[in-house]
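The values are calculated or read from the model by the stated rules, or taken from the named source; none is laboratory data. In this text the structure is predicted, and so the values were computed from the model without any measurement. For neighbour counting, all protein chains shown are included, and Cβ atoms are generated from backbone atoms with ideal geometry for every residue, glycine included. Ligands, DNA and RNA are excluded from the accessible area calculation, which covers all protein heavy atoms including side chains. Shrake-Rupley method; radii C 1.70, N 1.55, O 1.52, S 1.80 Å.
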Amino acid sequence: MTTRTQTLVDALRARIEEGALVPGQAIGSESELVAEFGVSRTVVREAVSRLQAAGLVETLRGRGSFVLARPSGRSFGVDVGGLRSAAERAELLEFRTAVETEAAALAARRRTDDDLAAIGRAASAFEAAAARPAEAVDADFRFHLTVAAASGNRYLGRLLETLGEPMIAMPAARLRAGADGGGPVEAEHRSIVAALERGDAETARAAMRVHLVNSAVRLAGG
């Protein structure tokens, strides 16, 4: 099912494609978009963020968001909010594995102390939310987003921002406690964090791959 955020993104993108909004023109204030589309300010902000990540709009503090360019007919996008089957989610995990393993390796080489602090906070937030799936999804997404941001490659961070929280698959067994009293996902996160802290690119790449491959197994009910 398409999310409200994606519906708004599609509507604004269509206006840009059709020329109803041209480069340099404001897409409308936050209040105007809330009133026109009947959505929350959070939805508007997320939609604008996705359009920014796609290179279609630019937001100027105190002035609003303006069209940068008309999108190419060959542009690439993933509506993760519209995924309907386990097979589609497994395919998305394959895509994420290809992207996020390299992001982790780059992050190990380039991360700053601030990056490590942000990654650590996200990992801790996930562990603290083990009994609250909705919060865990948000924290899990933040963990992966902060790792991508630490890569120092703006396109990797923007890609994950575009995918948003729906990229996280959360099967019922995912938060099941492991033998050590912590969940398997928490242990995998800790392995990634440890590799990033050591600056070990190869181990970070491998740890992220293990985590995402295991996520696919958990999604399949393994």
Test Val185 against the criterion of being open to solvent by 30 Å² or more (accessible area, probe 1.4 Å), modelled with pLDDT of 85 or more and part of a helix (DSSP H, G or I), and give yes or no.
no
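Which helices (runs of 4 or more DSSP H) does region 112-167 wholly contain that include 3 or more residues that are out of contact with any strand residue (DSSP E or B) (no Cβ under 7 Å at 6 or more places or on another chain), polar (S, T, N, Q) and under 22 Å from Val99 (Cα atoms)? If you could, list the steps in order and put the result at the bottom.
Details: elements: 113-128, 133-150, 154-163.
Fully inside region 112-167 and qualifying: nothing.
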Go through (1) touching an Asp or Glu at 6+ places or on another chain (Cβ under 9 Å); (2) closer than 28 Å to Leu8 by Cβ; (3) surrounded by fewer than 22 Cβ atoms within 10 Å (Cβ to Cβ) one by one and return the number of the condition Glu135 breaks.
(1)
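Consider Ala86 carefully, then state whether it is touching a Leu at 6+ places or on another chain (Cβ under 7 Å), closer than 30 Å to Arg205 by Cα and either at pLDDT below 85 or of a type in the set (Ser, Thr, Tyr) (or both). First the steps, then the outcome.
On the way: touching a Leu at 6+ places or on another chain (Cβ under 7 Å): yes; closer than 30 Å to Arg205 by Cα: yes; either at pLDDT below 85 or of a type in the set (Ser, Thr, Tyr) (or both): yes.
So Ala86 passes the test.
Just checking, which of Gly64, Gly73, Gly55 is at pLDDT below 90 and under 30 Å from Leu212 (Cα atoms)?
Values: Gly64 fails: under 30 Å from Leu212 (Cα atoms); Gly73 fails: under 30 Å from Leu212 (Cα atoms).
One residue alone meets the criteria, Gly55.
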